[in-house]
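J.: Can you keep this structure in mind? I'll have questions shortly.
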Amino acid sequence: MREACGSIARRQRAVAPPAAGLLAFLVLATPAGLAGQPPVEPVGAPLPAASVTRPFAVGERLTYVVRVSKLGKVGRGFMAVEALEPVRGTETYVLRFEFRTRVGFVKVVNQSESWLDPVRMATLRFHKHERQPLSNHDELVEMYPQQRRWEGADGTKGESPSDAPLDELSFIYFLRTLPLNVDTTYSMDRHYDAVRNPTTVRVLGRETVTTPMGEFPTVVVEMRVRDVRRYKGEGVIRFNLSDDARRLPVRIETAAPVVGKAVLLLESVSAGGGPVVVGAP
């Protein structure tokens, strides 16, 4: 089966008003607003060579200061590419995200792990643990990209619309690989669970952002995602990605149920420089 993005190109269209969201997922469609330019090569398609360049690598660790509006709290968080680990014969990057704060005596925790094939940009395994004042949630999912299916540890299963599926954490890394031309819109069907599609990504413009690490020229990206369980509709996430080859997420803003708006500001970057060639013989 050809490893390719499975979505159909869609026309740019108006999107409903924001609801809320934090992290999310996708299949690259032909971007709207690029008339007269060469088509973008689908991410996840068969590679013309044995290697490809990615803006992240094992060892990259991004730490964040996190402020949650309704809690009046400052928490801590990080995203990291922690290791190379084989999954069913494929070398994967182990991605990790963690955010922690406290509400009274109750910890608020969001932890995710994703096993991502960095050549195909396809996820093979995903773990998630959430602990909030009113609920706890755990997911453990195995994905089989070439078979376009997934299985959950809780007995759930389903078909994937793409042979390069992503979960909500790996999508942030996928987003960093896109050609983020201003006034471009992508409509995608890349989440491993079909009911969570489509996702819309809009490149809004450029702005300078101040973080604890300093000032960054950035590209502003808005992502709208479906998450019926958590948000009863559509969630909106706003990313400020550094306007350079690494596309570091220097600011992430989202609105979440119960806790309100959360803003993550980059505090430090450790190792794992980029761009990096992966998949070389």
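J.: Hey, can you find the accessible area per residue of the range 86-185 for me, probe 1.4 Å, expressed in square angstrom?
T.: 42
J.: Report the full-extension gain for the segment Gln111 to Arg131: residue separation times 0.36 nm, less the Cα-Cα distance, to one decimal in nm.
T.: 6.3 nm
J.: Provide, in order from the shortest bin, the percent of all Cα-Cα pairs of the range 105-194 in each 5 Å bin, continuing until the bin that contains the maximum pair distance.
T.: 3, 13, 22, 20, 16, 12, 8, 4, 1, 0
J.: Applying the Karplus parametrisation 6.51 cos²θ - 1.76 cosθ + 1.60 with θ = phi - 60° to the phi angles of the range 171-179, what ³J(HN,Hα) value in whole Hz is obtained for each residue in order, glycine and proline being reported as x?
T.: After applying 6.51 cos²θ - 1.76 cosθ + 1.60, I find 4, 4, 6, 4, 4, 5, 8, 7, x Hz.
J.: Now, a different point. With a 1.4 Å probe and every protein chain left in place, tell me how much accessible area Arg100 has, in Å² to the nearest 10.
T.: 100
J.: Binning at 5 angstrom from zero up to the longest distance, how are the C-alpha pair distances of the range 72-124 distributed in percent?
T.: The calculated distribution, bin by bin, is 5, 19, 22, 16, 11, 10, 8, 6, 2, 0.
J.: Also, quick follow-up: Tell me, what is the percent relative contact order of the range 121-198, built from C-alpha pairs under 8 Å that lie six or more residues apart?
T.: 26
The values are calculated or read from the model by the stated rules, or taken from the named source; none is laboratory data. Keep in mind that this is a model prediction, so the values were computed, not measured. For the accessible areas, the whole protein counts, side chains as well, though only heavy atoms, and no ligand, DNA or RNA atoms are used. Shrake-Rupley method; radii C 1.70, N 1.55, O 1.52, S 1.80 Å.
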